[in-house]
Amino acid sequence: MAFKPSLKRTQPLADTRMNITPIMNLMVVLIPMLLAGAKFTELALLEYLPPAETGGAADLGVTPSEGSTDMSQEKELNLLVNILHTGVQVSIFQSTEPGPNFFEIPLGPDGNYDWKALNDTLRYIKESIVGAPIGKKRVFVESDSTWQEVDAYQYVDASEVSITALGDIRFQTIVRAMDSCQKYRTHKLVNGQTRIIEKELFPLTVFSQFQELTFIKR
Amino acid sequence: MAFAPTKGKKNLKKEKGEVSLTSMMDMMTIILLFLLKTFSTSGALLQPSPFVDLPSAKRSREPEKNLAILVNPDLGVLQGDEDFSTPRPEDVLSSLAELNDQSNIILPGLEQHLVEKRETAKKMPTGFNGKILIQCDSSVTYDWLFKIVSTCGRAEYSTLDFVVLKKP
């Protein structure tokens, strides 16, 4: 007697499509939740270091680098950036009159502050007047509460800039000035390719009371 | 009178109308992956206040949670630790009169608040770290800013972090 024909031949194929409705439900919940938590404006912090008497960076002594002999840590740069309505003044060594230690940056042709010129002036001061590091020193970084080894320069305040402005200068202008004082961009040849790198200028900012220096001539 | 339907139409099997969810799934998967990639916990740490129009800066570091104050040009210095939709009188630490007073560079209301917070923090196991977050409106003037910074320094807050919008 022959076997009964297999039902597989006649049985219709079951619907093998995956049920994606639960996954869709999950996504419908997840997407609005992530959209609500998404950051469309990115916030960041601009650090300000107050004057030393209120707990600034403490110098723990300097270790001379090889070949350097000049370790006079008494010299001060006294870098001052003065923001006026007519432009920006940059002074070093407490100079108050036009000369090699006093720079005037008038407003640009569009009537706005020339932040690039300020950045270039500070770069000139850092490279030509402050010069290369002469050793290493340990400083206490308040933001991280740790001791770090940093470069030591011939001037004890070689990383500090004092920013002052007229009383009615807006905070946005001060922030732009702080931005210009922190770093500068330069090109560096790495493995035969030119890359843009950022180098430190004067990252420690101190606000001080406005001092009237020579007015900018327009 | 309408014609009777043809035999073909009469016996036509109506197909079950189903929406194809496959393309929608593809789209949602891409959106989900994009949102998961851009999701950051630091955004939850720091929320911009609706009372402050923050300035923008190019060079800045990642936000962290600390004692916070707000500076608004129309309201003065406000506490920034609690979220509020309408500022109450007790949220104002230093009024406009205090800020515009030319005879003093220290703000008494702000100083009192900071000293209280400092003493409370000293009693906590984490201790006092001397850090403060300042959400300052971009239109606030330098003379106000100098008073706020001087007051923070007097109250032993040595690290001041200004909240800014990061420029690309």
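The values are calculated or read from the model by the stated rules, or taken from the named source; none is laboratory data. Quick caveat: nothing in here was measured; it's all calculated off a predicted structure. When we count neighbours, we look across all protein chains shown, and the Cβ atoms used for this are built from the backbone with ideal geometry, even at glycine. These accessible areas exclude ligands, DNA and RNA; they are computed on the full protein's heavy atoms, side chains included. Shrake-Rupley method; radii C 1.70, N 1.55, O 1.52, S 1.80 Å.
Details
- The one condition in (1) open to solvent by 30 Å² or more (accessible area, probe 1.4 Å); (2) assigned to a helix (DSSP H, G or I); (3) modelled with pLDDT under 90 that B:Val115 fails to fulfil: (3)
- Considering residues of the range A:101-120 that are open to solvent by less than 20 Å² (accessible area, probe 1.4 Å) and not in a loop (DSSP other than H, G, I, E, B) only, the residue farthest from A:Gln172 (Cα to Cα): A:Phe102
- For the range B:118-132, a residue qualifies if it is out of contact with any Gly (no Cβ under 8 Å at 6 or more places or on another chain) and not in a helix (DSSP H, G or I), and the qualifying residues are B:Met124, B:Pro125, B:Thr126, B:Gly127, B:Phe128, B:Asn129, B:Lys131, B:Ile132.
- Any hit, the range A:35-57, residues being over 26 Å from A:Ile134 (Cβ atoms), open to solvent by 50 Å² or more (accessible area, probe 1.4 Å), modelled with pLDDT under 80 and of a type in the set (Lys, Arg): yes
- In the range B:135-163, the qualifying residues are those that are open to solvent by 10 Å² or more (accessible area, probe 1.4 Å) and assigned to a strand (DSSP E or B), and the one that is farthest from B:Gly109 (Cα to Cα) is B:Thr141.
- Within the range B:88-112, the set of residues being part of a helix (DSSP H, G or I) and open to solvent by less than 40 Å² (accessible area, probe 1.4 Å) comprises B:Asp91, B:Leu99, B:Gly109, B:Leu110.
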